[in-house]
Amino acid sequence: EKASIGNLKQTWTSRGLYGGAYNKVIRWAFEKQGSFQPAGAPSPVTTPGAPPAVDVYIDDGRAGEYQFQQVHWHNTSMWNRNAADNLPGHQDAIQGQPNYMYVKVRNRGTATANNVTVKAFHTLPGAGLVWPVDFTAMSPAAGLNAASIGPNHTQEVIVGPFEWTPNINAYGHDCVLMIASAPGDPSNIDNFTAGETIEEWRLVPNDNNIAQRNITVVPGEGRREVLTTWLHQKVFWVRNSMRRRARMDVKVNLPAVMAQAGWQMRFAGLPSDNSFMLAAGERRMLTIELVPGAAFTPDDVRADLDRDIAVEVLADGMPLGGMIYR
């Protein structure tokens with residue numbers, strides 16, 4: 001198995017990418033097909049193999065594994081607080097003052113993870129981000145140490161607070177990135193050297209050490225003077241992180257309570273299909289135009305399990321990232 005993985009890393013289409021962008025996914029694929037069996041396992045192999053000895057992760061709903069998941073920016077295992085109160089529950093960041101991030105880390109490996117370190121970063125809200133050029137470290141920049149984390153998903157450790165101040169004009173809607181590392185399980189960015197970069201859409205979903213949260217909480221009261229005040233004229237940035245000129249498509253999915261009430265989300269200056277062209281590496285700011293419909297109440301929202309205004313950005317059909325307004 002190790003020889004096969006090594007050959008793939010040398011010859012597959014990941015050539016030219018940094019950090020071993022797909023090595024963890026490939027290793028997991030062999031594991032799921034029965035490789036990495038413990039000594040003395042019966043033959044023929046009929047069960048998945050063992051995970052690595054140490055495999056720390058920030059859960060995005062996949063329990064540290066790598067099943068396909070198109071929306072990779074929706075990780076709720078991290079949250080913001082407006083004070084360093086060590087409490088659960090996400091609060092939108094307040095612009096112009098320190099805020100505090102926390103994250104939950106687990107270990108799916110077969111042995112205890114020791115000396116776990118977590119680092120935290122933030123960036124302007126948007127899609128098509130590039131590591132590390134778009135990201136600013138939270139404090140402490142060197143990261144925080146976690147206690148040892150037990151094996152086999154048996155323990156969850158909360159790490160924080162990380163102090164940060166939102167970007168100016170982002171209205172507290174910054175995107176947040178968390179990176180966990182441990183001896184025996186470095187994150188892919190630990191393999192980078194100066195000047196090397198990688199697209200966020202390659203980095204985050206393919207390394208369970210790394211998690212991203214582009215989620216903003218907005219009022220659940222559907223009146224023009226409430227919900228519109230929070231979202232109308234808010235901005236986010238779109239970068240074409242592909243290596244060629246590409247057609248960018250912005251897809252919006254409104255929760256049923258808004259769609260049935262006739263609300264719409266548009267973007268200033270874009271045609272009705274929300275498409276535009278960007279050169280490789282080019283970035284554009286988009287401004288939300290929220291068109292009110294009929295009023296709805298917080299009780300209407302509570303009755304619907306789908307409460308997310310989901311904005312997804314694609315480049316030539318490839319999902320780059322997006323924003324969630326919950």
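Spin-label point model (7 Å from Cα, Cβ direction): what's the residue 294 to residue 230 distance in nm?
2.1
Taking the 0 to 90 degree range and rounding to the nearest ten, how far is the long axis of helix 23-32 tilted relative to the main principal axis of the chain, both from C-alpha atoms?
70
Dipole size in debye (nearest 20) for the range 210-326 around its Cα centre, Lys and Arg Cβ +1, Asp and Glu Cβ -1?
Its charge dipole is roughly 600 debye.
Which one of 175, 91, 293 is farthest out on the positive end of the charge dipole of the chain, using unit charges on Cβ (Lys, Arg +1; Asp, Glu -1) and the Cα centre as origin?
Positive-most Cα among the choices belongs to 175.
About its Cα centre, what dipole magnitude does the range 233-288 give when the only charges are +1 on Lys and Arg Cβ and -1 on Asp and Glu Cβ, stated in debye to the nearest 20?
Roughly 300 debye, rounded to the nearest 20.
Once neighbouring chains are kept in place and the probe is 1.4 Å, which whole percent of the accessible area of the chain is contributed by carbon and sulfur?
Using a 1.4 Å probe with all protein chains present, the chain comes out at 51 percent carbon and sulfur.
Using only the Cα atoms, what convex hull volume per residue in Å³ does the range 189-326 have?
Per-residue hull volume (Cα only) is 125 Å³.
Pairs of Cα atoms under 8 Å, at least six residues apart: use those to get the relative contact order of the chain, whole percent.
Dividing the mean separation by the residue count of the chain yields 18 percent.
Pick from 88, 44, 205 the residue whose mean-square fluctuation is largest in a GNM of the chain, springs joining Cα atoms under 10 Å.
Of 88, 44, 205, the most mobile in the Gaussian network model is 44.
For the range 70-211, take every pair of Cα atoms, bin their distances at 5 Å starting from 0, and report each bin as a whole percent.
2, 10, 19, 23, 21, 15, 8, 2, 0, 0
How are the Cα pair distances of the chain distributed, in percent, across 20 Å bins from 0?
30, 56, 14, 0
Do any trypsin sites (Lys or Arg not before Pro) in the range 26-101 lie in a DSSP loop with no more than 16 other beta carbon atoms within 10 Å, and if so, which?
Here the sparse-neighbourhood loop sites are 62.
Over the Cα atoms of the range 224-293, Rg to Rh with Kirkwood Rh, two decimal places?
1.04
Relative to the present Cα-Cα distance, how much length would full extension add between residue 270 and residue 249 at 0.36 nm per residue of separation?
Result for the pair: 6.5 nm of gain on full extension.
Using the alpha-carbon atoms, what tilt in degrees (0 to 90, nearest 10) does helix 2-11 show relative to the longest principal axis of the chain?
Helix 2-11 and the main axis of the chain meet at about 50 degrees.
On a 1.4 Å probe surface of the protein chains, which of 117, 47 comes out largest in accessible area, and what is the full order?
Reading off the accessible areas and sorting them downward yields 47, 117.
Please give the per residue accessible area of the chain, computed with a probe of 1.4 Å over protein heavy atoms only, in Å².
In whole numbers, the chain has 45 Å² accessible per residue.
Mind checking the dipole of the chain: about its Cα centre, +1 per Lys or Arg Cβ, -1 per Asp or Glu Cβ, Debye to the nearest 20?
Roughly 640 debye, rounded to the nearest 20.
Which of 240, 158, 206 sits farthest toward the positive end of the charge dipole of the range 149-292, with +1 on the Cβ of Lys and Arg and -1 on the Cβ of Asp and Glu?
So the residue furthest toward the plus end is 240.
If only Cα atoms are counted, what is the Rg of the range 241-280, and what is its Dmax, in Å?
13.5, 41
Residue by residue, what Karplus-based ³J(HN,Hα) values in Hz, rounded to whole numbers, does the range 315-326 have, using 6.51, -1.76 and 1.60 with θ = phi - 60° and x for Gly and Pro?
10, 6, x, 8, x, 9, x, x, 9, 10, 10, 9
Any chance you could run the full-extension gain for residue 148 through residue 223? It's 0.36 nm times the residue separation minus the Cα-Cα distance, nm to one decimal.
Working it through step by step, the gained length comes to 22.2 nm.
The values are calculated or read from the model by the stated rules, or taken from the named source; none is laboratory data. All of these numbers come straight from a predicted model, not from anything done at the bench. Backbone-built Cβ (ideal geometry, glycine too); neighbour counts: all protein chains shown. Protein only, heavy atoms only, side chains kept; ligands, DNA and RNA dropped before computing areas. Shrake-Rupley method; radii C 1.70, N 1.55, O 1.52, S 1.80 Å.
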